[in-house]
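Comments concern the structure below.
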Amino acid sequence: MADHVDRVVQQWAAERPDLDISPMEVIGRLKRLSRLVEAELKRTFAAHDLDAASFDVLATLKRSGPPYRLTPTALMQSAMVTSGAITQRLDRLEARGLVTRTLSDADGRSRDVALTPEGHALIDRALPDHLATEQRVLSGLDAPRTEALVDTLRTLLTSLGDDLG
């Protein structure tokens, strides 16, 4: 069973047989897979009037556990975005009544971000659909292949410095 990347690799092998183009077999597939997965997730988020960035903020607050509050810095680190990007996300979510920004209990000079009841309800509705979409996307893999893929991707991410540190 050949895919688009196989054709690209064959073309490069014919055009530049002097080069090792084997990394393209992985990176090309990761890039194509990323686009396909993002499109599927985008449809799921849109059904809940969300985008990936908004879902990420709401999900991060929800999974943080009670009292479902974090600093903007903690949210920024979780999302790996700039402070300007997190501010824009929070402005949009606050305007929709999904989060509030209140003075921090720990430091009266800073603000915490918290889920509102509406934010809780929305993430509770969206999360099952999100997981169903992810399950559908992965349905072409059996359990052993899924476990092997998880392990392989974890190893690659860690080797590139993407770890808990």
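The smallest convex shape that holds all Cα atoms of the chain, its convex hull, gives 166 Å³ per residue.
How high is the FRET efficiency from Ala2 to Ile27, r the C-beta distance, R0 25 Å, rounded to 0.05?
On the way: r = 18 Å, r/R0 = 0.71.
Efficiency at R0 = 25 Å is approximately 0.90.
Ligands, DNA and RNA left out, the 1.4 Å accessible surface of region 1-115 is 57% carbon and sulfur atoms. Result for the chain in a Gaussian network model with C-alpha springs under 10 Å: among Ser22, Ser83, Ser34, the largest mean-square fluctuation is at Ser22. Accessible surface calculations at 1.4 Å, restricted to protein heavy atoms, place region 1-76 at 67 Å² per residue.
Once you keep just the Cα pairs under 8 angstrom separated by 6 or more residues, what percentage relative contact order results for region 1-96?
On the way: 40 pairs, mean separation 14.9, N = 96.
Once divided by the residue count of region 1-96, the mean separation gives 15 percent.
Estimated purely from DSSP H runs of n ≥ 4, each contributing -39500 (n - 2.57), the mean residue ellipticity at 222 nm for the chain is -21500 deg cm²/dmol once divided by its residues.
The residue among Gly161, Gly84, Thr116 whose Cα reaches farthest toward the positive pole of the charge dipole of the chain, with charges on the beta-carbon of Lys, Arg, Asp and Glu, is Thr116. Summarising the amide proton neighbourhood of Arg111: residues at separation of 5 or more, or on other chains, whose placed amide H is nearer than 5 Å comprise Ser104.
The values are calculated or read from the model by the stated rules, or taken from the named source; none is laboratory data. Keep in mind it's a predicted model, so treat the numbers as computed, not measured. So basically every Cβ, Gly included, is an ideal-geometry build from the backbone, and we count neighbours across all protein chains shown. When the accessible area is computed, the model is the full protein with side chains, heavy atoms only, and any ligands, DNA or RNA have been set aside. Shrake-Rupley method; radii C 1.70, N 1.55, O 1.52, S 1.80 Å.
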